[in-house]
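Shown next, in C-alpha cells, is the structure this report addresses.
The values are calculated or read from the model by the stated rules, or taken from the named source; none is laboratory data. The shown structure was predicted, so the numbers you read here are calculated from the model rather than taken from an experiment. We place every Cβ from the backbone using ideal geometry, glycine too, and count neighbours over all the protein chains shown. Just the protein is used for accessible areas: all its heavy atoms, side chains included, with ligands, DNA and RNA removed. Shrake-Rupley method; radii C 1.70, N 1.55, O 1.52, S 1.80 Å.
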Amino acid sequence: MTAAWRRLRRTLRGVRWYLAELTGETEYDRFVEHRKRLHPDEPVPSRREYERIRHERLAQPGARCC
Amino acid sequence: MKLKSVVTWTAVAIVGAVCWGVLALARGESISAIWLLGAALGSYAIAYRFYARFICKRVLQVDDTRATPAERLNNGVDYHPTDRRVLLGHHFAAIAGAGPLVGPVLAAQMGYLPGTIWIIVGVIFAGAVQDMVILFFSMRRNGKSLGQMAREEIGVVGGVAALLGVFVIMIILLAVLALVVVNALAQSPWGTFSIAMTIPIALFMGFYLRVVRPGKVIETSVIGVALLILAIIAGGWVAQSSWASAFTFDPETLTLFLVVYGFAASVLPVWMLLAPRDYLSTFMKIGTIVLLAIGVVIAAPVLQADAVSKFAFDEIGPVFSGDLFPFVFITIACGALSGFHALVSSGTTPKMIEKESQVRLIGYGGMLMESFVAVAAIIAACILDPGLYFAMNSPAGVTGGAVQSASEFVNSLGFVITPAELDAAAAAVEEESLVSRTGGAPTLAVGMSDIFAQVFGGEGMRAFWYHFAIMFEALFILTTVDAGTRVGRFMLQDTLGNIYKPLGRVSWKPGLWFTSAVVVAAWGYFLWAGVTDPLGGINQLFPLFGIANQLLAAIALTVATVILVKSGKLKWAWVTAVPLAWDAAVTLTASWQKVFSDDPKIGFFAQRDQYAAALERGEVLAPAKDLDDMSTIVTNSTVDGVLAALFALLVVVVIGNALVVCWRAVRSPEPLPTTEEPWQESKIVAPSGLFATAEEKKQLAAIGAPPNGSGVRTDDGSGGSAGKDGDSS
C-alpha cells in the first residue's frame, strides 16, 4: 500500500467515525459499555429495543433556531 | 507569544484590514465578493484568537481542572462527554436555520455594507459572546435552561416574563418561517412537488430505521439524500407534464396544508417523521453551506448592489420599512445575534461538553460559522441586479404582480429592469414568474443558482440549482416548524399541567392533541394573516420576528450580566452589558417606532388609524382592493401593534428586575450565594481547540490516547482508558 492510499483510507475512516458520532449511530455501543460497567449481571437491551427507547427520549426535541 | 505566532497573526490582521479598506474605499464601482469574505474571515480569526480567549481567561475564568457535568453526571444518555468536533457539529446544526439566510437578503435593500458590517461586528461583540457565555454559565449549573437560570438569578417575575417571552416569540418565529416557505412554493409546481416528496421519503426512512436496519443512521441518510436529489430532478419533469396543475397551489391552500402537517408532525411518534427529517435536513444543511462557501470563493462573483442604497437613510424602501437604525439590526437578526441560540446553549450542548475551555470553540466558534452563513447569504442577494432584487422583494400590492407593472414600479424606485428581462429571469429557473416572490428564499435561491451554475454545471443546471436551494431552505424551515411546534406543545403541557394535572402528562392523548392544536392554531393564525395581508405579510411580520428574537437575546444577555455581577465580576460585566445596552437600545427603539410612530408605513397603530378612518368613510386605500381588505388591515395592524408592545414590556420587566438584583449584589458586603455546582476534579484529558497543540499532544500521548482525540487519566497517573478518535491509529 502506498502512503497516499493509506492516508485516503485514514481520512475516509475519520469521516465515517465523525458521521457515526454526529448521527448518534455509536450511541448504542456507548450505552452497552455503560450498562456493562454499572450492571454487569443484567442482560443488555438489543439494538432494536434500544433504538425504540432512544426515540422515546427524542420525542422531546430541543429548540431549533430560526 | 512565539515569533511564528506573531508573524501569522500580523499577516491575518493585515489581510483583514486590506479587505475592509477596499470595502470602505470602493465608491460607485462594482467590487468582487472576495473582499467581503476576506474582511469577514480575517475579523473572525482575530476575534476568536484574541477577544474570545480574553473572555475565557479573564472574564469567565474557565478551569480545565474542574469536571464538567458531562464527566460528573455521565449517564451515557443525555450527559456524556462528547468529542469537541462532534459537539461543534451538533451545536451548529441546532443553531443554524433559515434566519441567517432570510434576514440578510431582506437587509440587502439598504446595500451590502450596512448589513455586512453588522453581521461581522455584531457577531464578534454580541452574538458569539452571548452564545459562549450562556453555554458556560449553563455548563457550570449542570445544563440548566435559560428560563430556569432567569428564575434563579433574577427572580420569579423575571423568570415568568422570560418563559412567556420564549413562548410568544416561538409562535411568531414559526409563523414567519412558514410564511417564507409558502411564498417560495406558491404557484411553483416544481418546488411544491419536491417538498411534498420529502414526507414519503421521511416516512420511508423512519420505517427503514425502525424495522429494517435499526440504528443505521448513516446508511439511511445516504438513501434519503439520494431520494431527495431524485425528488428535485423529478420536480422538473412534473412541472413540464400534465401533472403540473395538481401541484400548483395558491398561498391560502398551502397554508392549510402546512397547518395540517404541523399538527400531524406534533402528534405522530418522532421516529416516523421528525427524526428522519432531522437527519435529512442536517446533512443538507451542512452540505449546502459548505458548497455555498466553496462556490463563493471559486466564482468570486461581483456585487451589483450599491454599497449603501438610498433606502438606508433618505427614503422608505419597499422590502421593509424604517431607517437603518434600528431596522437593519432587527432585520439581520440571527446572523449577528440570536436570542434563540441561548436556548440551545442552555439545552443539550452544556451537558455534553468535555472540557470547560471548549466553550470557546463550540459557543464562540459555532456562532462565527453561523455568521459566515449570513455573509454568504448577503453576497448571494447582492450579486443580483438591483432591478431584479426589488421586483422580487416588493409586495404584490405595489408591483401589481405582473411583469409590466413590476417593471414600472422598479423604474419609479430609480432602478431599471424591462418586462422582457423579468420574463427571462423567471424562464432561466423555470418558474412561472419571479415578481413579488417575497420572503427572501426565492431571492437567495436565484443568487445561489447564479453562483452554483458558474462553478458546477453551467447555465443548463441553473433551474436545478434554483430548486435545490428552495428545497434546502424549505426542508430545514419545515424541520424547525416540526420541532418548534413540539417544543411549544411541551411548554404548554408543562404550564397547563400546573392547572389541570392530566394535561401535563406527555402520554395523555387528549391533552397532547389539545395542546398541539393550540400551538398550531396560534402560529397558523399569524401565517394566515401574513398570507392574506394586502400590505404583504413579510414586511409586516418580519420586523416583529426580528424584534422578538433580539428581545430574547436581551433576556439572555441580562441573565449573563446578572450572573457576572452577582459572582463579584462587576469590572468585567461590560462584556455582556455593552452588547445588552446596544441590543436593548435597538430593539426598544424599534418597538417604540412600531407602536408609536406617526408614519403609517412604520407604526402599526398609525397604520390602523389611517385604514380605520378610511373604512369608516367607506373608502378603499391602495393596496387594499375592497372593504374586506381594509378591515383585514385594521385587524392585523392592531394585533401586530399589541404584540410589539407586549414584547417590549416583557423585556423592560426582565431588565428592570435584573437592575434591582444587580443593585442588591453591588451593595451587599459579601458576594451573594452562588448557584454554581461545586468544584470537582476532572480526569478527562482533551484538547481545547479544534487542533491539539504540541503540549496537549504530549499530555494525550502520556495517557495513551490518540493525538487529536481524548482520554481519561487514571488515579495513579500511569495509564489511561482507551481514547476516542476517528482519524488516529
Out of the helices (runs of 4 or more DSSP H) lying entirely within the stretch B:359-469, which hold 2 or more residues that are small (Gly, Ala, Ser) and touching a residue at least 60 places away in the same chain (Cβ under 8 Å)?
B:366-382, B:396-399, B:441-455
Let me confirm something: among B:VAL121, B:VAL129, which residue is surrounded by 20 or more Cβ atoms within 10 Å (Cβ to Cβ), of a type in the set (Val, Ile, Thr) and in a helix (DSSP H, G or I)?
B:VAL129
For B:ARG49, state whether it is at the interface with chain A (Cβ under 10 Å from one of its Cβ atoms) and either in a helix (DSSP H, G or I) or buried (at least 22 other Cβ atoms within 10 Å of the Cβ) (or both).
no
Suppose we filter the stretch B:480-512 for residues that are crowded, with 21+ Cβ neighbours inside 10 Å and either more than 14 Å from every other protein chain (Cβ to nearest Cβ) or farther than 19 Å from B:MET170 by Cβ (or both); how many remain?
1
Scan (1) surrounded by 14 or more Cβ atoms within 10 Å (Cβ to Cβ); (2) within 28 Å of the chain's Cα centre (by Cα) for the single condition B:VAL642 breaks and write down its number.
(1)
For the stretch A:12-24, pairs from a residue that is under 15 Å from B:MET352 (Cβ atoms) and within 7 Å of another protein chain (Cβ to nearest Cβ) to a residue that is part of a helix (DSSP H, G or I) and open to solvent by 40 Å² or more (accessible area, probe 1.4 Å), with Cβ under 8 Å and 6 or more apart or across chains, are A:LEU22/B:HIS90
Mind checking whether some residue in the stretch B:293-300 is farther than 19 Å from B:LEU37 by Cα, assigned to a helix (DSSP H, G or I) and among the β-branched types (Val, Ile, Thr)?
no
By residue number, the members of the stretch B:91-113 that are part of a helix (DSSP H, G or I), surrounded by fewer than 24 Cβ atoms within 10 Å (Cβ to Cβ) and modelled with pLDDT of 90 or more are B:PHE92, B:LEU113
Does B:ILE379 fit the bill of being over 23 Å from B:PRO543 (Cβ atoms), more than 14 Å from every other protein chain (Cβ to nearest Cβ) and buried (at least 24 other Cβ atoms within 10 Å of the Cβ)?
yes
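Residues checked against (1) open to solvent by less than 50 Å² (accessible area, probe 1.4 Å); (2) within 22 Å of B:LEU475 (Cα to Cα); (3) assigned to a helix (DSSP H, G or I); (4) within 14 Å of chain A (Cβ to nearest Cβ):
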{"position": "B:PHE136", "(1), (2), (3), (4)": "yes, no, yes, no"}
{"position": "B:VAL157", "(1), (2), (3), (4)": "no, no, yes, no"}
{"position": "B:ILE171", "(1), (2), (3), (4)": "yes, yes, yes, yes"}
{"position": "B:GLY191", "(1), (2), (3), (4)": "yes, yes, yes, no"}
{"position": "B:ILE201", "(1), (2), (3), (4)": "yes, yes, yes, no"}
{"position": "B:ILE223", "(1), (2), (3), (4)": "no, yes, yes, yes"}
{"position": "B:ILE232", "(1), (2), (3), (4)": "yes, yes, yes, no"}
{"position": "B:TRP237", "(1), (2), (3), (4)": "no, yes, yes, no"}
I want to confirm something. Restricting to the stretch A:27-50 and keeping residues that are within 9 Å of chain B (Cβ to nearest Cβ) and in contact with a helix residue (DSSP H, G or I) (Cβ under 7 Å, 6 or more places away or on another chain), which single residue is farthest from B:TRP271 (Cα to Cα)?
A:PHE31
Complete set of residues in the stretch B:521-535 that are assigned to a helix (DSSP H, G or I), open to solvent by less than 20 Å² (accessible area, probe 1.4 Å) and farther than 15 Å from B:GLY484 by Cα
B:ALA529, B:GLY530
Evaluate the following for B:ALA474: is it modelled with pLDDT under 95 and under 27 Å from B:ALA622 (Cβ atoms)?
no
If I filter the stretch B:691-703 for residues that are touching a helix residue (DSSP H, G or I) at 6+ places or on another chain (Cβ under 7 Å), surrounded by 17 or more Cβ atoms within 10 Å (Cβ to Cβ) and part of a loop (DSSP other than H, G, I, E, B), do I get at least one hit?
yes
Which of the residues spanning the stretch B:341-360 are more than 10 Å from chain A (Cβ to nearest Cβ), open to solvent by 10 Å² or more (accessible area, probe 1.4 Å) and either among the hydrophobic types (A, V, I, L, M, F, W, C) or under 14 Å from B:GLN130 (Cα atoms) (or both)?
B:MET352, B:ARG360
Of the residues that make up the stretch B:63-70, is at least one open to solvent by 10 Å² or more (accessible area, probe 1.4 Å), of a type outside the set (Phe, Trp, Tyr) and over 24 Å from B:GLN130 (Cβ atoms)?
yes
Looking at B:ASP640, B:ASP609, B:ASP599, can you tell me which residue is over 21 Å from B:TRP528 (Cα atoms), part of a helix (DSSP H, G or I) and not small (Gly, Ala, Ser)?
B:ASP609
Mind checking which residues of the stretch B:72-90 are small (Gly, Ala, Ser) and either open to solvent by 40 Å² or more (accessible area, probe 1.4 Å) or in a loop (DSSP other than H, G, I, E, B) (or both)?
B:GLY76
Any chance B:LEU292 is away from chain A (no Cβ under 14 Å), within 21 Å of B:GLY97 (Cβ to Cβ) and open to solvent by less than 30 Å² (accessible area, probe 1.4 Å)
yes
Here the residues within the stretch B:260-278 that are among the β-branched types (Val, Ile, Thr) and either part of a helix (DSSP H, G or I) or within 11 Å of B:THR479 (Cα to Cα) (or both) are B:VAL260, B:VAL267
Number of positions in the stretch B:295-315 that are of a type outside the set (Gly, Ala, Ser) and open to solvent by less than 50 Å² (accessible area, probe 1.4 Å)
4
Would a scan of the stretch B:520-529 turn up a residue that is touching a residue at least 12 places away in the same chain (Cβ under 8 Å), closer than 28 Å to B:ASP626 by Cβ and within 14 Å of another protein chain (Cβ to nearest Cβ)?
yes
Could you tell me which residue of the stretch B:655-675 is most open to solvent (accessible area, probe 1.4 Å), considering only residues that are aliphatic (A, V, I, L, M) and modelled with pLDDT of 90 or more?
B:LEU659
Neighbours by Cβ (under 9 Å, 6+ apart or cross-chain): first from the stretch B:251-266, closer than 11 Å to B:GLY524 by Cα; second among the aromatic types (Phe, Trp, Tyr) and outside any helix (DSSP H, G or I)
B:PHE257/B:PHE249
For the stretch B:246-270, which residues satisfy the criterion of being surrounded by 21 or more Cβ atoms within 10 Å (Cβ to Cβ) and within 11 Å of another protein chain (Cβ to nearest Cβ)?
B:ALA265, B:SER266, B:VAL270
If you scan the stretch B:89-110, which residues turn out to be facing chain A (nearest Cβ under 9 Å) and under 8 Å from the mean Cα position of the chain (by Cα)?
B:ILE95, B:ALA96, B:GLY97, B:ALA98, B:GLY99, B:PRO100
Yes or no: B:VAL586 assigned to a helix (DSSP H, G or I) and open to solvent by 30 Å² or more (accessible area, probe 1.4 Å)?
no
